[in-house]
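The values are calculated or read from the model by the stated rules, or taken from the named source; none is laboratory data. Just so it is clear, the model here is predicted, and its values are computed rather than measured. Counting neighbours? That spans all protein chains shown, and the Cβs are built from the backbone with ideal geometry, glycine included. Note: accessible area is taken over every heavy atom of the protein model, side chains too, but ligands, DNA and RNA are not part of it. Shrake-Rupley method; radii C 1.70, N 1.55, O 1.52, S 1.80 Å.
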Amino acid sequence: MNQDTAQQGIKMEVGIEDCLHIEFEFDKQRYHLQDVILGKIYFLLVRIKIKFMELAVIRREAAGVGPNSYNESENIVKFELMDGAPIKGECVPIRLFLSHLDLTPTYRSVNNVFSVKYYLNLVLVDEEDRRYFKQQEVVFWRRADEQSAVPLEGGQHRGLRMAPDRMVNV
């Protein structure tokens with residue numbers, strides 16, 4: 001995957017015909033585990049009374065094959081973005097810090113047996129407690145630890161020592 005594809009943002013328009021039309025955008029599709037998710041939600045048409053809006057990060061794990069497969073979904077974090085009814089033209093900013101969350105990198109089909117995927121789930125709730133939602137998959141990746149790559153004396157790296165014919169964990 002090239003750098004342009006990795007940093008491409010997410011922009012989607014969703015809605016209910018003649019009732020609600022929103023556009024949401026996030027700055028990237030791929031985030032490292034210490035990153036910040038930045039985005040905006042624009043209300044283009046609002047004809048229903050919205051009570052609140054929330055954003056959740058969902059982890060979906062799948063393990064096994066066929067009838068022995070196991071799936072689990074977990075809400076990692078959920079927070080309220082807006083309380084009260086928006087008006088046409090309103091923009092709601094999003095800033096979600098990932099560093100304090102219990103996240104792992106995304107794993108896609110490890111040996112066709114195991115996967116971990118993450119989704120951003122945007123939920124709007126109206127005054128009659130009807131829930132409208134849109135999910136978007138995002139990728140989380142682990143940034144290489146800069147300190148572990150710094151060589152120590154004698155050309156050794158932290159956690160490794162040189163043996164005559166191979167490297168050995170210490």
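Is any residue of segment 36-55 close enough, with backbone N under 15 Å, to a label point placed 7 angstrom from the Cα of ALA85 along the Cα-Cβ axis, and if so, which?
45-53
If I compute solvent accessible area with a 1.4 Å probe over the protein chains, what percent of it on segment 1-146 is carbon and sulfur?
The value for segment 1-146 is 47 percent carbon and sulfur by accessible area.
Under a cut-off of 21 Å between alpha-carbon atoms, report the lysines in cross-link reach of LYS28, not counting same-chain residues fewer than 8 places apart.
LYS11, LYS40, LYS78, LYS117, LYS134
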